[in-house]
Each structure stands twice: as structure tokens, then as C-alpha cells.
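Quick notes on the structure that follows.
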Amino acid sequence: MGIADKAKNTAQDLAGKAKEALGDAKNDDELKAEGKADQTKASAKQAGENVKDVFRS
């Protein structure tokens with residue numbers, strides 16, 4: 001996996017965590033759910049990249 005892909009996935013995960021925390025602090029369930037969704041997307045992308053790495057080895 002490229003460094004750029006890792007950085008994008010990490011950034012998306014961190015942004016999701018920040019959204020979730022902000023939503024929790026503001027009692028905004030929609031923002032909180034958006035943050036969790038962003039984290040899930042980042043995890044899925046990371047898993048896909050890990051599978052690619054296994055087949056490249």
C-alpha cells in the first residue's frame with residue numbers, strides 16, 4: 001500500500017473520530033453518526049489495501 005493511501009485512510013479515520021466527538025459534545029446524533037460512518041469507510045479502505053498487499057507479496 002502506498003504511503004499516500006495510508007495517509008488518506010488515517011486522515012479520514014481521524015476526521016471521523018473528531019466528528020463523532022463533536023457530535024457527542026453538541027448532542028448532535030446526526031454528526032455523531034456521520035463520524036462513525038467516516039471511520040467505517042476508512043477501515044474498509046484499509047482492509048482492502050491490506051488484501052492487495054497480501055497478493056503483491
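Entry remark, region 26-35: residues being loosely packed, with under 14 Cβ neighbours inside 10 Å, outside any loop (DSSP other than H, G, I, E, B) and not hydrophobic (A, V, I, L, M, F, W, C) number 2 in total.
Yes/no matrix, rows are residues, columns are (1) surrounded by fewer than 14 Cβ atoms within 10 Å (Cβ to Cβ); (2) more than 16 Å from the chain's Cα centre (by Cα); (3) modelled with pLDDT of 95 or more; (4) in a loop (DSSP other than H, G, I, E, B):
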| site | (1), (2), (3), (4) |
| --- | --- |
| GLY16 | no, no, yes, no |
| LYS19 | no, no, yes, no |
| ASP24 | yes, yes, yes, no |
| ALA37 | yes, no, yes, no |
| ALA42 | no, no, yes, no |
| LYS45 | no, no, no, no |
| GLU49 | no, no, no, no |
| ASP53 | yes, yes, no, no |
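Applying the set (1) modelled with pLDDT under 95; (2) touching a Gly at 6+ places or on another chain (Cβ under 8 Å) to LEU31 leaves exactly one unmet item: (1).
ASP24 meets the stated requirement of being among the charged types (D, E, K, R) and either touching a strand residue (DSSP E or B) at 6+ places or on another chain (Cβ under 9 Å) or over 28 Å from ARG56 (Cα atoms) (or both).
The values are calculated or read from the model by the stated rules, or taken from the named source; none is laboratory data. Quick caveat, the model's predicted, so the values are computed rather than measured. Note that we place each Cβ from the backbone using ideal geometry, even for glycine, and neighbour counts take in every protein chain shown.
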